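Structure provided below as C-alpha cells; questions to follow.
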Amino acid sequence: MEVSFFGSGPVADRCLDVLRKLDIRVKDHADLWLCVHHKEIFKASPPGGILNLHNSYLPWGRGANPCTWAIIDQTPHGATLHWVDQGIDTGPIFHQEALEIRPGETADELYRRTMDLEVEVFRTGIIRYTNGDRTRVPQPIGGTFHRKNDFDRLVRAMTTSDCKVKREA
C-alpha cells in the first residue's frame, strides 16, 4: 500500500514510524492522503480521500486547542481519525477512541496523554484501512468548535487584574 503523508510535530513523526512498521510506503502522489497535525487546508482531494487525525472526540473539540476546550466546556475528549470534507473537522468518522479527563488535569497534561492515544487510533485505523475497511460514520449533531482566536481571548481574559488564577499543588 502507498499513501501520501502530510504532518508535523511529534505525533506526526510517531505516525510515520507506524507506517514504516506496517510496511506502508509514503510517496508524493497516492490515492489516499493521511494528515496528522497539518496546518494547511487542502484545495484538492485524491481519489481515495483524506484521513485526518484530530486530537479530540469529534464532534466535540473541532478546530483549535481541543484539549483546553474539553476541560473548559466539560465535553467528551479523545482522538479521532476522520475523513476530510469541506468543513473544519466535520467529516465522517473512520475510527475514534475516548479518553477520560482526570480531575484537576491541565490542558498540557491532557494533551500529553492524548498524544499516545492519537498514535494508537492512527495505527488501528491504518490496519483497518489496509484490511479493506472504508467506514464513514456521520458525526452526531452538535458538538463544539473553537477558533485559535477564541483561545487568545481566553488568555487575555485570564490575565486581567480582576481574574486571579491559582493552581493548587
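Condition (residue is free of Cβ contacts under 8 Å to residues at least 12 places away in the same chain and under 18 Å from the mean Cα position of the chain (by Cα)) applied to region 40-52: is it met by at least one residue? Step through it out loud before you land on a result.
Looking only at region 40-52, we keep the residues that are free of Cβ contacts under 8 Å to residues at least 12 places away in the same chain, and these are 41, 43-44.
Those still in the list that are under 18 Å from the mean Cα position of the chain (by Cα) too: 41.
Yes, the conditions are met somewhere in region 40-52.
For region 20-30, how many residues are free of Cβ contacts under 8 Å to residues at least 24 places away in the same chain and of a type in the set (Asp, Glu)? Don't jump to the end; show me each part of the working.
Taking region 20-30 as the starting set, the residues that turn out to be free of Cβ contacts under 8 Å to residues at least 24 places away in the same chain are 20-21, 23.
Restricting the remaining residues to those that are of a type in the set (Asp, Glu) gives 23.
Count: 1.
For region 61-169, list the helices (runs of 4 or more DSSP H) that sit wholly inside it and hold at least 2 residues that are surrounded by 17 or more Cβ atoms within 10 Å (Cβ to Cβ) and in contact with a helix residue (DSSP H, G or I) (Cβ under 8 Å, 6 or more places away or on another chain); which are they? Show your work before the answer.
Numbers: elements: 66-73, 107-130, 148-158.
The helices (runs of 4 or more DSSP H) meeting that bar are 66-73, 107-130.
The conditions are (1) closer than 19 Å to GLN139 by Cα; (2) at pLDDT 95 or above, and LEU22 fails exactly one of them. Which is it?
(1)
The values are calculated or read from the model by the stated rules, or taken from the named source; none is laboratory data. Small disclaimer: the values here were computed from a predicted structure and weren't measured. We place every Cβ from the backbone using ideal geometry, glycine too, and count neighbours over all the protein chains shown.
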